[in-house]
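Beneath this line is the structure, given in structure tokens, with notes to follow.
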Amino acid sequence: MAYKSLEECLLDLEKSNQLIRIKEEVDPYLEMAAIHLRVYEAGGPALLFENVKGSTFRTASNIFGTLERSKFIFRDTLPTVQQLIELKNDPVNAIKHPINNFNAGLAALKALPLKNPINKPVLFQEIKITDIPQIQHWKMDGGAFVTLPQVYTEDIDKPGIMNANLGMYRIQLSGNSYEPNKEIGLHYQLHRGIGVHQTKANKKGLPLKVSVFVGGPPSHSVAAVMPLPEGISEMTFAGVLGNRRFRYVYKDGYCLSTDADFVITGEVFPNENKPEGPFGDHLGYYSLQHDFPLMKVHKVYAKKNAIWPFTVVGRPPQEDTSFGQLIHEMTGSALQTEIPGLKEVHAVDAAGVHPLLLAIGSERYTPYTPTKQPAEILTISNHILGTGQLSLAKFLFITADDTNKLSANNIENYFNFFLERINLTRDIHFYTNTTIDTLVYSGTGLNSGSKVVLAAYGEKIRELATTVPDCLNNVNGFENAKLVLPGVVALQTKKFSNYTTALNEMQILNDQCSKFNEQLSGIAIIVIADDASFVSGTLNNYLWVTFTRCNPSHDMYGINSFTINKHWGCNGPLVFDARIKPHHAPPVEKDAATEKKIDRLFEKGGSLHGIL
């Protein structure tokens, strides 16, 4: 389907019973997000809010709420997109099979951005920031945010749309010390294309012109989050995926997407920042208030009958999970082509995506030796941690499976295979005082912390315990021992106070557990938690708590640990201190009063009755 607008897409979803209209007045302060979350969690349809308190514009959410719905939206173009990405990864194939690949190449040519004719009117009206639905998702958020923005910037040295960047970086519309209707906040993280553009503009002492597109054909939103290979324009990709060329025009020196529902234009001046946030983010915690670039608003535009799309992020899984699944569907083996020897890598959504990677590689370095130990997979791990957004990972587990039966997407099986084989004395490798994701607060400061690679290859060296060893039920200072997975036990202790105290607590644990080497031979990991029952309750709880609340260099210990020639290892189980630390950001939590308010929509006579 070549949707010309967001509304065309929503009407198509409605025809196939994948959208519900909400006719009741809904407050964009907390209520709208709470409704979205409840419907998303139920696997429900896309939502069109027709009566938004404080705004004349409608809003829409949960558009990409399931992979099936996303694939339905792009049902006519996904095969072409997949073929184009394969051709980019293997251009020789295009030469070998020109007839087979002709249609894909033609689609790319037909998808080049299309500049609006000078004499063709652009159907926008000028509005103010305060006219936009002011959606605040979580109670501690700093104000209203744009959560599906397409942020457009150009290279000041190579202007023009083919060298432009389109990315999804959150925008704060209100709150803090932003001057209403004149200033908004622009938050972007490490490894983002906009940073290159701002650096170049700053060096010349010039402001960076920014256009924020909201709405338009759904392919535009996907293009903004797509990790495209070097040399492929987001605007061209949007054209291929949407089967409609990206249409644009320049006004006052700013690029406007003429298919967008809304456009905000403005400038970012060198060294002009203001506090942005807090914001309930996709790791399940608030990203706190920090200085980020200030965007001085030039003009704000909206189409007649425009629709404001939004999503809600919080503890995964959320709607952005489906974005990730769709990207994986499209990119296929692109990463394996880029990283030789890599068979699979899984950024674990339940752990917030960036904190935890599970990878499978090849082991081909020394086939002539009988001893199997990590070699090639260590080289692959360095390549992974040097590649784009994968470099933001904190924990990288990597293994090799000669049978090719293991999948990184079957998380429980992966951990069983891995923990049966890891040599804890040899195969743990730390990276200290390095960069981590901006949104991660388990490190030593903003953007700074540590990483660890855990590698496993060879025959089984331990039988994983399927019950809690008796010795862990009688550890002074620790309680409520729970089996999380085979070979993984959670222990509960008092709240974390400081690292000096934590070191003493871990020494007490070590002194008691080091006497029980045989009993603990089937345990590979001990997780120290504030609530062991919660950690063991579900696989997702274990992944979320353990890998979002640990800084590897500071929070990983080991029973009978040692350091030899700067290499750290342990003779007993690994210990992860996954308690909440004083410097951690608070987790996002639903507001009970708001939950009660929205019940009316789900009761008999309400627009959402019967969908749960």
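The values are calculated or read from the model by the stated rules, or taken from the named source; none is laboratory data. Just so it is clear, the structure is predicted and the values come from calculations on it, not from any experiment. A quick note on method: Cβ atoms are made from the backbone with ideal geometry, for glycine too, and the neighbour counts reach across all protein chains shown. Note: accessible area is taken over every heavy atom of the protein model, side chains too, but ligands, DNA and RNA are not part of it. Shrake-Rupley method; radii C 1.70, N 1.55, O 1.52, S 1.80 Å.
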Residue 467 vs. criteria in a loop (DSSP other than H, G, I, E, B) and either open to solvent by 10 Å² or more (accessible area, probe 1.4 Å) or modelled with pLDDT of 95 or more (or both): yes
The range 405-424, subset without any contact (Cβ under 8 Å) to a residue 12 or more places away in the chain and assigned to a loop (DSSP other than H, G, I, E, B), residue most open to solvent (accessible area, probe 1.4 Å): 405
Residue identified as under 27 Å from residue 553 (Cβ atoms), out of contact with any Gly (no Cβ under 9 Å at 6 or more places or on another chain) and of a type outside the set (Ser, Thr, Tyr) among 410, 382: 382
Answer residue from the range 256-275, given it is more than 27 Å from the chain's Cα centre (by Cα) and polar (S, T, N, Q) and is least open to solvent (accessible area, probe 1.4 Å) among those: 258
The range 324-353 residues that are without any contact (Cβ under 8 Å) to a residue 60 or more places away in the chain, paired with ones that are among the polar types (S, T, N, Q) and in a helix (DSSP H, G or I) (beta carbon under 6 Å, 6 or more apart): 342/336; 349/321
Verdict on residue 378 being surrounded by fewer than 22 Cβ atoms within 10 Å (Cβ to Cβ) and of a type in the set (A, V, I, L, M): yes
The range 426-441 - residue that is in a loop (DSSP other than H, G, I, E, B) and crowded, with 17+ Cβ neighbours inside 10 Å and, of those, modelled with the highest pLDDT: 427
Matching option when the condition is open to solvent by less than 50 Å² (accessible area, probe 1.4 Å), among the hydroxyl-bearing types (Ser, Thr, Tyr), over 26 Å from residue 488 (Cβ atoms) and not in a strand (DSSP E or B), among 594, 546: 594
All positions within the range 352-379 that are part of a helix (DSSP H, G or I) and out of contact with any Lys or Arg (no Cβ under 9 Å at 6 or more places or on another chain): 377, 378, 379
Unmet criterion (only one of (1) open to solvent by less than 30 Å² (accessible area, probe 1.4 Å); (2) not in a loop (DSSP other than H, G, I, E, B)) for residue 572: (2)
Odd one out for residue 64, checked against (1) open to solvent by 10 Å² or more (accessible area, probe 1.4 Å); (2) closer than 22 Å to residue 219 by Cβ; (3) touching a residue at least 60 places away in the same chain (Cβ under 8 Å): (1)
